[in-house]
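Let me begin by handing over the structure; questions about it come next.
The values are calculated or read from the model by the stated rules, or taken from the named source; none is laboratory data. Here the structure is a predicted model, which means the values were calculated and not measured. Here the Cβ is made from the backbone with ideal geometry for all residues, glycine too, and neighbour counts use every protein chain on show. Ligands, DNA and RNA are excluded from the accessible area calculation, which covers all protein heavy atoms including side chains. Shrake-Rupley method; radii C 1.70, N 1.55, O 1.52, S 1.80 Å.
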Amino acid sequence: MSLLSNKMNKRIFIKLVLCSVLVSTAFAVDFGGNVGFYSKIKKTKKTDYALNMKNNATAWFTVPFAQDNTNYLSAQGSVFYKYDDADIQHLGDKKTDVVFFDIDLLKWRYITKLDSARLVQCSAGRFGYSDSSGLVFGQPNDGIFAQYTGPGLTVSAYGGYTGLLNAQSVTILNKANSPFKYDTKKAYDWASPYWIGGVTVGLPFVFAQHSVEAQFLTAIGADGPSDSAKNSDYNRFYATAVLNGPVPVVDNTFYVFTTTFGSVDSDLCNLSQVTLSYFMQQYFNSTISCNTVYASGKQFGLKPFKGITSMTAVYDVAQSEYTGLVKSGLSASIKPISVLLLGAGGDVVFMYPDDTLEYSGVQVTANAKYQLLRDCNLSLFFARFMGKDSDTTNTEVTLKAVLAF
């Protein structure tokens, strides 16, 4: 009888311990969600008003395993409804729509301090990663990241895979004759598969408040779960150098210079940009910037530049990528009140496919972000490209609203 009683007591004790652990963890869990509404209207010479709409419902949570937030698990998932109509004057005649879902984030992160000035952090799972220029690669991946930060030195390494992502949510650039395709009506279809690797070394404030960074990035083609995903013969390698810091003599003025040399299918290419920014914090946190970007075509012994993640360089009809062009312009932003951010910009665009620099057009942009309520944000974006060739002229207006809960 005593033996039976002891067993029962042990079971009760184990259940109490498990319950206490679950309760303490439940109290520590942070969670929430939001609903978003995104609508874009486009008008070109060849098409009437086209509508692109994407609505989403998102839920997220974070589970800390340490009180100082140095060890935690975070996750975020979304359900989307996407609707495209090529002519809203005849609503529904040329429409396509789809409901799909995505796991945007599933990351475990751990940070350990070696001493008061040095720390090591690592992350594993699905999370975002970007190259040093911000124009070659920037998207979520399934991978591992590790970084050492110390006085005057940062070193990081990343390895990831793209083939398990949802192709509805991410667009990866493939070779020109790639057989890759996905089903636009499926809720989840595999993305184009590549092994992504990156190593970054930074020397912050190495001289006179100037910082230097070097990065090596690669995309190795792989064969993924999709029958059409056969990229094993297409590899890309990139080496990027970054220099940034204050402009001598001129107060509150800073520059960033990046140059990336790539080997795309054994062809050498280049992407370079320089940005000069003047900050006026006393005038409503306003900023004025000028920026010039060069993406190689067939000149100077180079071949057309090609990144990894699709990124829009020009708001023309083709939504041109960063390849064979030169773009230069000015932008400004101001925050007149704490809940409102305004911005505007303009660029002159030249196409540079070979040895001849050809004027393409001028684009202007304007945007506004307004925090209507504590948990409600509105944003408005306007872009117009006025092309030398009127067939490339494009106007688009985008409205986005996000309500958090």
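Tell me whether region 385-397 contains one or more residues that are out of contact with any Gly (no Cβ under 8 Å at 6 or more places or on another chain), surrounded by fewer than 18 Cβ atoms within 10 Å (Cβ to Cβ), assigned to a strand (DSSP E or B) and touching a residue at least 40 places away in the same chain (Cβ under 8 Å).
Taking every residue of region 385-397 in turn, at least one turns out to be out of contact with any Gly (no Cβ under 8 Å at 6 or more places or on another chain), surrounded by fewer than 18 Cβ atoms within 10 Å (Cβ to Cβ), assigned to a strand (DSSP E or B) and touching a residue at least 40 places away in the same chain (Cβ under 8 Å).
In addition: Looking for something surrounded by 15 or more Cβ atoms within 10 Å (Cβ to Cβ) and aliphatic (A, V, I, L, M) - is there at least one such residue anywhere in region 273-284?
Yes - at least one qualifying residue is present in region 273-284.
Can you confirm whether L403 is at pLDDT 95 or above, among the hydrophobic types (A, V, I, L, M, F, W, C), in a strand (DSSP E or B) and open to solvent by 80 Å² or more (accessible area, probe 1.4 Å)?
yes
Out of V242, V212, which single residue is open to solvent by 20 Å² or more (accessible area, probe 1.4 Å), of a type outside the set (D, E, K, R) and either at pLDDT 95 or above or farther than 22 Å from T312 by Cα (or both)?
From the options V242, V212, the qualifying one is V212.
Related question: Exactly one condition in (1) closer than 13 Å to N291 by Cβ; (2) open to solvent by 50 Å² or more (accessible area, probe 1.4 Å) is not met by Q371; state its number.
Only one criterion in (1) closer than 13 Å to N291 by Cβ; (2) open to solvent by 50 Å² or more (accessible area, probe 1.4 Å) is unmet by Q371, namely (1).
Tell me which residues, restricted to region 285-301, are modelled with pLDDT of 95 or more and either open to solvent by less than 20 Å² (accessible area, probe 1.4 Å) or polar (S, T, N, Q) (or both).
S286, T287, S289, N291, T292, V293, A295, S296, G297, Q299
Got a number for residues in region 162-216 being part of a strand (DSSP E or B) and in contact (Cβ under 8 Å) with a residue 12 or more places away in the chain?
Result for region 162-216: 23.
Among the residues of region 223-232, which ones are in contact (Cβ under 8 Å) with a residue 40 or more places away in the chain, in a loop (DSSP other than H, G, I, E, B) and open to solvent by 10 Å² or more (accessible area, probe 1.4 Å)?
Selection gives G224, P225, S226, S228.
I've got another one for you. Within region 245-257, track down each residue that is on the phi < 0 side of the Ramachandran plot, open to solvent by 80 Å² or more (accessible area, probe 1.4 Å) and part of a loop (DSSP other than H, G, I, E, B).
Across region 245-257, the qualifying residues are P248, D251.
Within region 294-319, track down each residue that is among the hydrophobic types (A, V, I, L, M, F, W, C) and in contact with a strand residue (DSSP E or B) (Cβ under 7 Å, 6 or more places away or on another chain).
A295, L302, F305, I308, A313, V314, V317
Here is a list: T112, T96, T154. Which entry is open to solvent by 50 Å² or more (accessible area, probe 1.4 Å), assigned to a strand (DSSP E or B) and in contact with a strand residue (DSSP E or B) (Cβ under 7 Å, 6 or more places away or on another chain)?
Only one candidate qualifies: T96.
Moving to a separate point now. Here is a list: D102, D97, D87. Which entry is modelled with pLDDT under 90 and of a type in the set (D, E)?
Every option except D87 fails the conditions.
Next question, about the same structure. Taking T356 as the residue in question, decide whether it is open to solvent by 70 Å² or more (accessible area, probe 1.4 Å), part of a loop (DSSP other than H, G, I, E, B), out of contact with any Ser or Thr (no Cβ under 6 Å at 6 or more places or on another chain) and without any contact (Cβ under 8 Å) to a residue 24 or more places away in the chain.
Taking the combined requirement at face value, the residue satisfies it.
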